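The values are calculated or read from the model by the stated rules, or taken from the named source; none is laboratory data. The model shown is predicted, which means the values in this text are computed figures rather than measured ones. Cβ placement follows ideal geometry from the backbone for every residue including glycine, while neighbour counts extend to all protein chains displayed.
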Amino acid sequence: MRYLIANWKMNSVDLDAWEREFINIVSSQNNFPKSDELKLIVCLNLYDYYILSEKIKTSKHEIFNKISLFAQDVSHHDEGAFTGQISSKFLKKAGIEGSIIGHSELRENGDTENIVFEKGLKLKEDALSSIFCIGEDLEILENNKKKSFLLNQLQAFCKKNLSPDLLAYEPIWAIGSGKEADSENIASAVSIILDFFEKKKIDCPILYGGSVSKNNIEEIISIPGIDGCLVGNSSLEGEQFAIIASKIKS
Ligand code: 13P
């Protein structure tokens, strides 16, 4: 199984156009991946969630029909006076299947390793799935500290029987920069992660995120150990996202 995840962040997406463009590409290709070959996930805000979930339910196209909807964040608290936050219980009640946690844009705003771990615990308690993000910044990369940095992020999360459902390696310097990590860099991160998972007996797909587009998806997805991608900018238009999906073969 391969995975393709859209992270719409706080961008506004024209949902009618997104669906129309996506379906146009699906309909124009004979060998568009089927839902048992490619798992599609869209991580979006709650307002769009209600509209898109209706479209998904009523779609006649099986691949569109099987899109899963995730949140982009979850609170590490249960409930109470936490203005603006959303608990995993609330996500569950709304019908959302899981959430991204540990995205660098949230780590930058104060999410520590421990908060990310607690968010993971909350999702697990409510039987929701986690997309756990890790990744180094340019300074760490240039100072050759990538391995110890990634291992620290993995160790801080994978304790007390917690492990992610999906892991996304997203080097911070590649996010939104138009400069994707080169294959060698991605492969070295994959080997660090796989080695860690093997020692801990964790079975978890590994995804790459950071300036993924229709131009580089084939190269990235062919890197051994990469099971899919997490896409920001290039997921905002249904056509681009569907073209990326069409280039992922299992
Ligand atoms: P871009 O694809 O826009 O670089 O964003 C990547 C990302 O942050 C996905 O979570």
Please verify whether the range 137-156 includes one or more residues that are surrounded by fewer than 21 Cβ atoms within 10 Å (Cβ to Cβ) and of a type in the set (Ser, Thr, Tyr). yes
Odd one out for residue 203, checked against (1) surrounded by fewer than 20 Cβ atoms within 10 Å (Cβ to Cβ); (2) at pLDDT below 95; (3) in contact with a Phe, Trp or Tyr (Cβ under 9 Å, 6 or more places away or on another chain): (2)
Residue 154 fails exactly one of the following numbered conditions: (1) in contact with a Gly (Cβ under 9 Å, 6 or more places away or on another chain); (2) within 21 Å of residue 114 (Cβ to Cβ). What is the number of that condition? (1)
Residue 222: without any contact (Cβ under 8 Å) to a residue 40 or more places away in the chain, among the polar types (S, T, N, Q) and farther than 30 Å from residue 64 by Cβ, yes or no? no
For the condition of a type outside the set (Lys, Arg), within 16 Å of the ligand (Cβ to nearest atom) and in contact with a helix residue (DSSP H, G or I) (Cβ under 7 Å, 6 or more places away or on another chain), what is the one hit in 126, 182, 137? 137
All conditions in (1) touching a helix residue (DSSP H, G or I) at 6+ places or on another chain (Cβ under 6 Å); (2) within 21 Å of residue 124 (Cα to Cα) are true of residue 82 except (1)
Does the range 97-112 hold any residues that are surrounded by 11 or more Cβ atoms within 10 Å (Cβ to Cβ), farther than 17 Å from residue 77 by Cβ and free of Cβ contacts under 8 Å to residues at least 60 places away in the same chain, and which are they? 97, 107
Among 13, 42, which is within 16 Å of the ligand (Cβ to nearest atom), modelled with pLDDT of 95 or more and either more than 23 Å from residue 212 (Cα to Cα) or not in a loop (DSSP other than H, G, I, E, B) (or both)? 42
Out of the residues in the range 210-232 that are surrounded by 18 or more Cβ atoms within 10 Å (Cβ to Cβ) and part of a helix (DSSP H, G or I), which is farthest from the ligand (Cβ to nearest atom)? 221
Which one of 162, 166 is in contact with a Pro (Cβ under 7 Å, 6 or more places away or on another chain), of a type outside the set (S, T, N, Q) and touching a residue at least 24 places away in the same chain (Cβ under 8 Å)? 166
Count - residues of the range 29-39 that are modelled with pLDDT under 95 and either under 20 Å from residue 73 (Cβ atoms) or assigned to a strand (DSSP E or B) (or both): 0
Could you say whether any residue in the range 140-153 is outside any helix (DSSP H, G or I), under 13 Å from residue 204 (Cα atoms) and not hydrophobic (A, V, I, L, M, F, W, C)? no
Please go through the range 233-249 and give me each residue that is farther than 18 Å from residue 37 by Cα and away from the ligand (no atom under 11 Å from the Cβ), ordered by number. 237, 238, 239
Taking the range 150-178 and keeping only residues that are among the hydroxyl-bearing types (Ser, Thr, Tyr) and within 13 Å of the ligand (Cβ to nearest atom), one is left with 169, 177
